[in-house]
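The values are calculated or read from the model by the stated rules, or taken from the named source; none is laboratory data. Since this is a predicted model, take the numbers as computed values, not measurements. Cβ placement follows ideal geometry from the backbone for every residue including glycine, while neighbour counts extend to all protein chains displayed.
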Amino acid sequence: MLTDDRHLVERARSGDAEAFGVLFEHYQTPILNYLYRMVSDRALAEDLTQDTFIKAYKSLPKTAPDLAFKAWLYRIATNTAISHLRRGKIVRWLPFIGEHETRAERIDNQVSRSADISTALDHLPVHYASILLLRHYQGLSLAETAQALDITENAAKLRLFRARKAFAKVYDDESANAMDEEALR
């Protein structure tokens with residue numbers, strides 16, 4: 001966290017709504033994007049983002065001075081999304097496009113990879129999908145990912161390893177099924 005963020009967090013912890021507003025402006029888009037990829041619904045992601053920041057605003061005065069604000073905020077967002085997902089929603093993730101592909105190849109590959117990745121993530125437990133999203137899509141460090149999920153760093157390493165393994169198995173199975181269906185046409 002930047003030194004300015006630490007100062008803003010301290011001010012916000014003391015009840016400075018303007019300081020919290022600056023933190024909101026800084027973190028709102030990344031949290032919204034993260035939640036959107038978890039729930040695949042922009043309006044729902046916006047609602048969950050709002051809930052996340054309301055919870056953060058209310059809880060911030062009770063936090064310790066050495067709070068890792070970014071990881072703490074992602075933990076709130078993750079818990080908010082998981083609570084919602086437990087009520088029957090699904091997790092999705094949109095892939096990155098490789099830089100070595102041509103524009104036409106990117107479009108074609110993105111469509112098939114997006115469907116395969118979304119389907120694969122749909123078949124993973126939420127705790128696996130969330131760690132993959134935080135670590136690989138949001139770019140959080142392993143320590144930040146662990147803090148966001150409220151687990152130890154060793155538990156995060158293990159969960160990430162298992163999530164990658166489970167994802168690879170499901171993704172390979174889904175890709176093979178898609179190729180079999182295409183061959184039948």
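Criterion applied to Ala148, Ala156 was being at pLDDT 90 or above, buried (at least 17 other Cβ atoms within 10 Å of the Cβ), within 20 Å of Thr80 (Cβ to Cβ) and aliphatic (A, V, I, L, M), and the one residue passing it is Ala156. Within the range 1-23, being in a helix (DSSP H, G or I), hydrophobic (A, V, I, L, M, F, W, C) and touching a residue at least 24 places away in the same chain (Cβ under 8 Å) holds for Val9, Ala12, Phe20, Leu23. Hey, can you tell me all the residues within the range 24-41 that are assigned to a helix (DSSP H, G or I) and of a type in the set (S, T, N, Q)? Result: Gln28, Thr29, Asn33. If you go through the range 6-50 and keep only what is of a type in the set (D, E, K, R) and either over 14 Å from Trp72 (Cα atoms) or at pLDDT below 90 (or both), you end up with Arg6, Glu10, Arg11, Asp16, Glu18, Glu25, Arg37, Asp41, Arg42, Glu46, Asp47. Checked against (1) at pLDDT below 70; (2) assigned to a helix (DSSP H, G or I), Ile97 passes all but a single condition, namely (2). Are any residues in the range 24-55 crowded, with 17+ Cβ neighbours inside 10 Å, of a type in the set (A, V, I, L, M) and without any contact (Cβ under 8 Å) to a residue 24 or more places away in the chain, and if so, which ones? Selection gives Leu32, Ala45.
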